[in-house]
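J.: My structure is below; once you've seen it, I'll send some questions.
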């Protein structure tokens, strides 16, 4: 089997497999318990970090890991070249249609298949690191799910946060509709930190 040829498909299948396994309660519990051996001390004496600080730290680590992985597995130069080429092609094709230049339109249509194929290839390239990213991020996510109810019960002073507009919240309780406060905080941290890291690594961002 040509691993390079089927690399994107293999990565996608592995990613789906990891997601599926994480839905099984027994596996979630075992993974959460195992991760607690690594991350649990952050919540124990004498460290006693608040849960929102731990989420901030984990978001930074996963953001850095995923960004570095994407940088070295995805050809961003080719991706930008293909995207720019597609923009130029679409502009040229639109101009040809407006001018009703049939000869030019036919010439561009013969070129369109090649352009679409290249765009599909570079789009699939972005699936390459997905399985490796999930391999790290899902165990962390499962640990948060495993640990949050325990911390809320045993050390509630570590499981609260003050949101702008929403005010004081236990990090396990709802913040927006049915979304728990910890998921909202995780999303805010992950998006902001990832964007800064991606921009600093020159792979897109703010």
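J.: Mind listing whichever residues of the stretch 79-103 are closer than 30 Å to residue 132 by Cβ and in contact with a helix residue (DSSP H, G or I) (Cβ under 6 Å, 6 or more places away or on another chain)?
T.: Matches in the stretch 79-103: 79, 82, 86.
J.: Before we move on, is residue 114 over 27 Å from residue 185 (Cβ atoms), part of a helix (DSSP H, G or I) and at pLDDT 85 or above?
T.: no
J.: From 39, 43, 14, 61, which residue is under 22 Å from residue 196 (Cβ atoms), assigned by TED's automatic domain parsing to the domain that holds residue 143 and surrounded by 13 or more Cβ atoms within 10 Å (Cβ to Cβ)?
T.: Only one candidate passes the filter, namely 61.
J.: Can you name the residue in the stretch 154-167 that is under 14 Å from residue 50 (Cα atoms) and surrounded by fewer than 16 Cβ atoms within 10 Å (Cβ to Cβ) and, of all such residues, is modelled with the lowest pLDDT?
T.: For the stretch 154-167, the residue satisfying everything is 154.
J.: Quick check on the stretch 177-189. Is at least one of its residues in contact with a helix residue (DSSP H, G or I) (Cβ under 8 Å, 6 or more places away or on another chain), modelled with pLDDT under 80, assigned to a helix (DSSP H, G or I) and surrounded by 14 or more Cβ atoms within 10 Å (Cβ to Cβ)?
T.: no
J.: Scanning the stretch 69-93 for residues that are within 22 Å of residue 193 (Cβ to Cβ) and surrounded by 15 or more Cβ atoms within 10 Å (Cβ to Cβ), which turns out modelled with the highest pLDDT?
T.: Top of the filtered list is 69.
J.: Quick check, is residue 98 surrounded by fewer than 13 Cβ atoms within 10 Å (Cβ to Cβ) and either farther than 24 Å from residue 191 by Cβ or more than 26 Å from the chain's Cα centre (by Cα) (or both)?
T.: Taking the combined requirement at face value, the residue satisfies it.
J.: I would also like to ask the following. Kindly evaluate residue 134 against the criterion of being under 26 Å from residue 77 (Cβ atoms) and either in a helix (DSSP H, G or I) or not assigned by TED's automatic domain parsing to the domain that holds residue 65 (or both).
T.: Spelling it out, residue 134 is indeed under 26 Å from residue 77 (Cβ atoms) and either in a helix (DSSP H, G or I) or not assigned by TED's automatic domain parsing to the domain that holds residue 65 (or both).
J.: Quick one: residue 122 ticks every box in (1) in contact with a helix residue (DSSP H, G or I) (Cβ under 6 Å, 6 or more places away or on another chain); (2) modelled with pLDDT of 80 or more; (3) surrounded by 18 or more Cβ atoms within 10 Å (Cβ to Cβ) except a single one, so which number is it?
T.: Result: residue 122 passes all but (2).
The values are calculated or read from the model by the stated rules, or taken from the named source; none is laboratory data. Just so it is clear, the structure is predicted and the values come from calculations on it, not from any experiment. For neighbour counting, all protein chains shown are included, and Cβ atoms are generated from backbone atoms with ideal geometry for every residue, glycine included.
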